[in-house]
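Taking it in order: structure first as structure tokens, then the write-up.
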Amino acid sequence: MDLRQILLRGGTLVVDPSLMQSTPDEFLAKYGSYMDSVCLVAKSETGSTYYPSFTAPKDPQYGDFFSSFAQIANDIGIKVFAEIHANVDYYLCRDTNFAMVKSGGQPINGYVCPSRQPYWYYLSEIAMEVVKYPIDGIILKDAVYPQLACFCESCRREFSEIEPWLDREFGYERLQTRQETLTKWYRRRLQSLTGMVGSIINRVNSQRQIEVLTEILLDPQVSYMQGAASYFAQDINYLSQVSSHMLLHIHPWTPGLPTANSAEMDAFVNAIAPIRERSSTLNTSLYFWNTTEETLDFADTVRSILGSQNAFYMDQTPPSYSDRRSYQLGIF
């Protein structure tokens, strides 16, 4: 769709130069007069940055896009959000010290284990670099476990110290033999992911008080909020302890959205009730891929229900969409 339609409806575009394929000047010349805000990818899912970084590899083609665009947008009065892809990192996942591993020992391509505290520090350093630019907020995207993971050597070693009856080579099937152990396994995932998010927010706040929006994936194939916690380790009860602003990425993996006065809409509204109940203390914003006119209408409805502050839109899905959908929904 014409991106102007998104802007005229009060939406915020998510701009990744590898997908937009334009310079900051070209993009702002075309859309700048319609924009009140913009979300710029600072660290991409490839693991590279769109600004000169002392921490992560700089993208060879678009390595100055974020830094240049953020400054120009700020100078002309456009509010800037910076998007940092967290545990989706196709660069560092090749390092066996960081790679996420599914039950059985196979690495999950593109994903870094959220329990690796050196990676917490790595992401925090990137966030500290990004916050030095004239931005108004950070979107922490892809802070997530895929279904059932991680069974890397470090995760298995650390968990077997909690549950000594497990051997070092255990997999998910072994965990299922004791419900108490399985419950501890899921709790550990929640604690690890929340710890990572909290450490990044604390580092950012130590330098500058700025909102960090924390993603929760809401997809009907995993029962929305229920699946966000059990499948992706994104539990609002945990994350709200460290973050006051949730980014609700709605239907990331399932095409189509609920329509007004439908059973699907009723199911969605019921599913987000825990978020609605926290509306007085918890800020929310929305995030969508593959934006259409129907997406904009649905977003308006959800924003009226939750009082959400912003709605962020990409007009397409990322190149890694198919692989990531398979990993996160357990489709192998």
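The values are calculated or read from the model by the stated rules, or taken from the named source; none is laboratory data. All of these numbers come straight from a predicted model, not from anything done at the bench. Quick reminder, even Gly has a Cβ in these numbers, built from the backbone with ideal geometry, and neighbours come from all protein chains shown.
For every residue, the table says whether it meets (1) over 20 Å from G137 (Cα atoms); (2) within 13 Å of the chain's Cα centre (by Cα); (3) of a type in the set (G, A, S).
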{"site": "V204", "(1), (2), (3)": "no, no, no"}
{"site": "M225", "(1), (2), (3)": "yes, no, no"}
{"site": "N237", "(1), (2), (3)": "yes, no, no"}
{"site": "S244", "(1), (2), (3)": "no, no, yes"}
{"site": "A260", "(1), (2), (3)": "yes, no, yes"}
{"site": "E264", "(1), (2), (3)": "yes, no, no"}
{"site": "N270", "(1), (2), (3)": "yes, no, no"}
{"site": "T301", "(1), (2), (3)": "yes, no, no"}
{"site": "Q309", "(1), (2), (3)": "no, no, no"}
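Residue check: M1 meets all listed conditions (1) loosely packed, with under 15 Cβ neighbours inside 10 Å; (2) modelled with pLDDT of 95 or more; (3) hydrophobic (A, V, I, L, M, F, W, C) but one, namely (2). Residues in segment 242-259 that are out of contact with any Ser or Thr (no Cβ under 7 Å at 6 or more places or on another chain) and either outside any strand (DSSP E or B) or small (G, A, S) (or both): S244, H251, P252, W253, T254, P255, G256, P258, T259.
Kindly list the number of the only condition in (1) surrounded by fewer than 20 Cβ atoms within 10 Å (Cβ to Cβ); (2) touching a residue at least 24 places away in the same chain (Cβ under 8 Å); (3) farther than 15 Å from Q328 by Cα that fails for Y119. For Y119, the exception is condition (1).
Taking segment 63-116, which residues are hydroxyl-bearing (S, T, Y), surrounded by fewer than 20 Cβ atoms within 10 Å (Cβ to Cβ) and in contact with a helix residue (DSSP H, G or I) (Cβ under 9 Å, 6 or more places away or on another chain)? Matches in segment 63-116: S68, T96, S103. Can V222 be described as in contact with a strand residue (DSSP E or B) (Cβ under 9 Å, 6 or more places away or on another chain) and surrounded by fewer than 22 Cβ atoms within 10 Å (Cβ to Cβ)? Taking the combined requirement at face value, the residue does not satisfy it. Assess whether F54 counts as being crowded, with 20+ Cβ neighbours inside 10 Å and among the aromatic types (F, W, Y). No; evaluated as a whole, the condition is false for this residue.
When the residues of segment 280-299 are filtered to those that are surrounded by fewer than 19 Cβ atoms within 10 Å (Cβ to Cβ) and touching a residue at least 60 places away in the same chain (Cβ under 8 Å), the one that is nearest to the chain's Cα centre (by Cα) is N283. Taking each residue of segment 10-34 that is more than 22 Å from P319 (Cβ to Cβ) and looking for partners that are among the charged types (D, E, K, R) and not in a loop (DSSP other than H, G, I, E, B) with beta-carbon atoms closer than 8 Å, six or more apart or interchain, yields Y31/R4; Y34/R4.
Note on segment 154-181: residues that are exposed (fewer than 15 other Cβ atoms within 10 Å of the Cβ), without any contact (Cβ under 8 Å) to a residue 12 or more places away in the chain and part of a helix (DSSP H, G or I) amount to 4. Of all the residues in segment 158-169, those that are out of contact with any Leu (no Cβ under 8 Å at 6 or more places or on another chain) and within 19 Å of R116 (Cβ to Cβ) number 4.
The number of residues in segment 21-53 that are closer than 27 Å to D323 by Cα and either modelled with pLDDT under 95 or in a helix (DSSP H, G or I) (or both) comes to 2.
Here S199, S243 are screened, and the one residue that is surrounded by 22 or more Cβ atoms within 10 Å (Cβ to Cβ) and either within 29 Å of C150 (Cβ to Cβ) or charged (D, E, K, R) (or both) is S243.
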